[in-house]
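Step one of this worksheet: look at the structure below.
Any read-out appearing in this document is the output of simple, stated calculations on the displayed coordinates, not a laboratory observation. Just so it is clear, the model here is predicted, and its values are computed rather than measured. A quick note on method: Cβ atoms are made from the backbone with ideal geometry, for glycine too, and the neighbour counts reach across all protein chains shown.
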């Protein structure tokens, strides 16, 4: 049965206990379609017929238990993306950890509490639907990219050829010739398309060769020829990170190597030269022979064949040369001499190519002049330009604050949703920084997901702190509508001139140290260099709590799933609040417990986990059934108290602290808290 023909259901419940099955069905049947399997073997058979959005899987079953069942599910490519929630009567932390290590999306403890089960099931299915819809959108985007990528490549090839007045259309003809050779060699359709694209880009390194050299009508001197011989190396550097065209950098780098080892740039010999480059070399030489040049007319057909006969085994791979000679004798040269250009196609593709060529001409201008200042993705200054502007201000005697800004969990966005979504997040951050900048501020993208921002002539910590908080809040708000589920946040390290340095390099070095301190201390915050250097928490707990309150109170309608910290249960906690508390308009007390020492410094990692485990137990002893909590960072635990006032919240906090000190036997650890009230308005 094909995937498209599978019967679609919402939930498959796998449990050998019929009582548990009936209870789960009763809780979920009004909102979801359900199918039941009373063993792991039966579940696997049903998956051949049904396509569920979620599997509720009992951890302990006879014969094939939940562990083996989920392993079998994950090994099947068609089933591997179905989320699994474990059903278990064990609520020990090590069981929870084991569930997640096996690939579970969540777990529900027996006996089932309806509101908890509904919340966790709803959250997981929402994520499934989101991912499924996003995959469909990405497939559509992929098809669109594939449709226009060739035309973009044509535009690049045309732009390269436009630099050389005597080789117009050269790259397109080399691509066509290489394509026909690959067909004769029996390559697959995908391989043929790939060599065609390599041919289009084989001369991209001419971007770095002066036009005066490329268009010189007389013989080149040694110095000029040395410049020409650099274009394979330049091309390889430009193309080294291109993944969509396999071997494209090799085609550019090695297409002037000779089979006898007398070529350039490295003098490779024989089969040490990549196969694609050996094909490009023949196609490149053929076009040179059959094109009119200022110093000679194109060679007649017989002379072309004679040249390939003479040079096979020396300049050219003899096997490929023999194939190509056979093609020439069968009339291939007539096909290739048609000199087709993309503009002759007469459809919308030529418009795209023309537009891309205009853009690429601007890129060429920037590249050759060495004066490029803009990051093309975000529109911000690039690193070199931004650094030079900040350094100039400092040399002129200006003070200021340098922010080293880094996206938290950015790799997860690229890995989960693709680089198009990652690019969108980078643009959102760039726009957020720009909208929160003052006239004389400088913003630049350092590379990847790292940015820098300089507050010119601002050195007071309270002003800097307020502006940084505004940026963090604004970015969180802007990320709500991006559409990548659990969002990313930013961490910020701050160095202030002149106290932390009087040059860009010194300021950035110290800001980066402060940023590292934030990263290792839980992310999603900021720190001044002086505070990071001394290990102080500063106002981190209140910053986090302000941030959480802002999100919950201000963005409840649209923010489902916006939280992403290293602990997945925090997302569950937020969704619980969103679905349950919001509907009743209850007052909510939010407690944020933070572990440190008596000087309010962070704990050493060696004792942090032990203290956090003790804190989790203390919280569990102190909360009511309706209250919920989760880790927020490596040293913080957040608790939400439903339908209570702040006085009671403080009493609960004191009860947790007292219980913690009874449980934790270590020394040098202090537990403190912050509490805030928020009122969630009913929908």
Go ahead and run the numbers for FRET between residue 654 and residue 450, Cβ-Cβ distance against an R0 of 30 Å, rounding to 0.05. 0.10
For region 373-536, what's the relative contact order in percent, using C-alpha pairs closer than 8 Å and at least 6 residues apart? 28
Quick calc, residue 272 & residue 225: beta-carbon distance into FRET formula, R0 30 Å, rounding 0.05, result 0.80
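For 526, 196, which order do you get if you count the other beta carbons within 10 Å of each Cβ and list the fewest first?
Least to most surrounded, the residues fall as 196, 526.
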Restricting to Cα pairs under 8 Å and 6 or more apart, the percent relative contact order of region 3-112 works out to 25
Can you work out the FRET efficiency for the pair residue 516 and residue 663, with r the C-beta to C-beta distance and R0 = 22 Å, to the nearest 0.05? 0.10
So how do 174, 14, 482, 639 line up by other beta-carbon neighbours within 10 Å, fewest first? 482, 639, 14, 174
